[in-house]
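What follows is a set of notes on a single structure, which appears directly below.
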Amino acid sequence: MTDKDLYGGLIRLHILYHAAQGPIFGLGIMEELARHGYDISAGTLYPMLHGLERKGYLRSRHERTGRRERRIYEITPEGLAALQSARIKVKELFGELFEDGPDEAAGGCAD
């Protein structure tokens, strides 16, 4: 497993977050993700967008601007609900990841 394998869920959450702020499109979200350190190719991003759409979290439409046609994605009510639920889980995980110092976190679970 590579580090990139761990980030897939975070990227999907990031996509939903930005879609909740307003309509998004592929190149725009790729640039936004790059600003946050995610080097993602179109070959990785578009299957994620299509998967989120299949699950009902996003819906898309085609929009023409001059000669360019873009596929615009908007969050659905199901996507908003999933994002809200994920926020709770991410906040809990964030607390666990950062409440212990690096030495304690490396020791494993304390169940």
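The values are calculated or read from the model by the stated rules, or taken from the named source; none is laboratory data. All figures in this text were calculated on a predicted structure; none of them were measured in a lab. Using ideal geometry, Cβ is built from the backbone for each residue, glycine included, and neighbour counts are taken over all protein chains shown.
Of note:
- Conditions (1) part of a helix (DSSP H, G or I); (2) modelled with pLDDT of 95 or more; (3) among the acidic types (Asp, Glu); number of the one not met by GLU74: (1)
- Only one entry of LEU83, LEU58, LEU52 meets the criterion of being in contact with a Lys or Arg (Cβ under 9 Å, 6 or more places away or on another chain), buried (at least 16 other Cβ atoms within 10 Å of the Cβ) and among the hydrophobic types (A, V, I, L, M, F, W, C), and that entry is LEU52.
- Residue list for segment 23-49, restricted to those being over 15 Å from SER60 (Cα atoms) and not aliphatic (A, V, I, L, M): GLU31, GLU32, ARG35, HIS36, GLY37, TYR38, ASP39, SER41, GLY43, THR44
- The condition of being out of contact with any strand residue (DSSP E or B) (no Cβ under 6 Å at 6 or more places or on another chain) and on the phi > 0 side of the Ramachandran plot holds for only one of GLY37, GLY8, GLY26, that being GLY37.
- Residues being surrounded by fewer than 17 Cβ atoms within 10 Å (Cβ to Cβ) and outside any loop (DSSP other than H, G, I, E, B) - total across segment 27-47: 11
- Tally, over segment 80-106, of residues that are at pLDDT below 90 and in contact with a Phe, Trp or Tyr (Cβ under 7 Å, 6 or more places away or on another chain): 0
- GLU63 falls short on exactly one of the conditions (1) part of a helix (DSSP H, G or I); (2) more than 21 Å from VAL90 (Cβ to Cβ); (3) not basic (Lys, Arg), and that condition is (1).
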